[in-house]
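The values are calculated or read from the model by the stated rules, or taken from the named source; none is laboratory data. Bear in mind the structure is a predicted one, so any value in this text is a computation, not a measurement. A quick note on method: Cβ atoms are made from the backbone with ideal geometry, for glycine too, and the neighbour counts reach across all protein chains shown.
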Amino acid sequence: MKEPRENEILQWAREVIQIEAEGISRLTQSLNDEFLRGIRLLQNCQGRIVVTGMGKAGIIGQKFSATLSSTGSSSFWLHAAEAVHGDLGRIKEDDIVVALSYSGETDEIKNLIPFVKKIGAKIIAVTGKEKSSLAKYSDSVISVKVAKEACPLNLAPTTSTTAMLAICDVISVILQKLAGFQEKDFALFHPRGSLGRRLLLKVKDIMRTGKYNPVVAEDTPVKDVLVQITSSHSGAATVTGEDGTIAGIFTDGDLRRNLELHPDLLRRPVKEVMTVGPTVVRQTDLASECLKILEQKKIDEVPVVDRENRPVGMIDVQDLIAAGVI
């Protein structure tokens, strides 16, 4: 075989994308009353959405079930072959089984149908053959029929699996919208993801306290303040008044600005050179909101105060980076 040229390879790539894009576009023809019946069944499901399939359709099914679970629909993946070897016990009467099979004639799926029916669970078929055995015994049939596969032999599942993946995403998104699933709900199911950290992590979870949060009185000499900042590995110290509430903050910036102005800076009380009325955050504020404040104010650290405006911690950009908020 003659070695293909670069432009031929690129042309092949474009053809595959074009064929699969057309396959997805055809799915709009499947958005009919039968599709709506399937959506309503899933919306009103009192149990769980059980997704099953074999081969490449099974791989799509695993992703489908995972997407459902992360967007508010209780779901689990069931291997069609394992189902008839004991895993059928996981299916309950109130569940809905979504069976993925392009041909609708996959042996493992066909063998599963009578037992699912006996249990009493409803079946939704996602298939390319609306007159298949699977479709015949399903309560709803969602078509993913495509004109041809992107495979040059029209054999390997390519366009069909892309279409199946797309319709599964469509179902997931619609159920998410119908359930009123919000960003905060998504974060609850993804607490270790970046979104979860942004929406769930609070200032109190990552702020520095104790010896890592230097707090000094107004009359403390700057020299002693610097010693505390250094020993705490911090970049600033919170300054309090006689009543214990926050009066100011002393940062590296304050030090640099006052070095030339005051030759005796190290002996001066910190209240003379501190930043008065600094920006503060509350313990209950979201860490993501704290990040916005630092960015807007163009500062590196901010004191954390309680309801009485007393300092309880300190948080800076590095803390937010370490927590994965940035």
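Of all residues in segment 205-224, those that are under 18 Å from D300 (Cβ atoms) have Cβ atoms under 6 Å from Cβ atoms of residues that are surrounded by 15 or more Cβ atoms within 10 Å (Cβ to Cβ) and among the acidic types (D, E), 6 or more apart or on another chain, in I206/D319. Of the listed requirements (1) surrounded by fewer than 18 Cβ atoms within 10 Å (Cβ to Cβ); (2) in contact (Cβ under 8 Å) with a residue 12 or more places away in the chain; (3) more than 20 Å from V170 (Cβ to Cβ), E8 misses just one: (2). Evaluated against (1) surrounded by fewer than 17 Cβ atoms within 10 Å (Cβ to Cβ); (2) under 19 Å from I142 (Cα atoms); (3) not aromatic (F, W, Y), M54 falls short on exactly one condition, (1). When L68, L36 are checked against the criterion of being without any contact (Cβ under 8 Å) to a residue 40 or more places away in the chain and of a type outside the set (D, E, K, R), L36 stands alone in meeting it. If you go through segment 136-149 and keep only what is touching a Gly at 6+ places or on another chain (Cβ under 9 Å) and surrounded by fewer than 23 Cβ atoms within 10 Å (Cβ to Cβ), you end up with K136, D139, S140, S143, K145, A147, K148, E149. Taking the listed residues K122, K117, the one that is in contact with a Phe, Trp or Tyr (Cβ under 8 Å, 6 or more places away or on another chain) and more than 19 Å from G55 (Cβ to Cβ) is K117, with no other qualifying. Restricted to segment 70-79, and to residues there that are within 18 Å of the chain's Cα centre (by Cα) and buried (at least 18 other Cβ atoms within 10 Å of the Cβ), the residue that is nearest to V126 (Cα to Cα) is S75.
Only residues that are among the β-branched types (V, I, T) and assigned to a strand (DSSP E or B): list them for segment 256-314, please. Those that are among the β-branched types (V, I, T) and assigned to a strand (DSSP E or B): T275, V276, V281, V302, V304, V305, V312. Cβ-Cβ distances below 8 Å connect the following pairs, each with a first residue in segment 83-96 that is aliphatic (A, V, I, L, M), a second residue that is at pLDDT below 90 and not in a loop (DSSP other than H, G, I, E, B), and a separation of six or more residues or different chains: I91/A83.
Scanning segment 88-102 for residues that are exposed (fewer than 15 other Cβ atoms within 10 Å of the Cβ) and in contact with a strand residue (DSSP E or B) (Cβ under 8 Å, 6 or more places away or on another chain) returns a single hit, R90. Across segment 121-131, not a single residue is classified as touching a Ser or Thr at 6+ places or on another chain (Cβ under 8 Å) and part of a helix (DSSP H, G or I).
Residues of segment 115-157 that are among the hydroxyl-bearing types (S, T, Y), over 15 Å from L27 (Cβ atoms) and in contact (Cβ under 8 Å) with a residue 60 or more places away in the chain: S140 alone.
I249 falls short on exactly one of the conditions (1) part of a strand (DSSP E or B); (2) over 16 Å from I315 (Cα atoms), and that condition is (2).
Residue count for segment 182-241, restricted to those that are in a helix (DSSP H, G or I), modelled with pLDDT of 60 or more and within 17 Å of G324 (Cβ to Cβ): 6.
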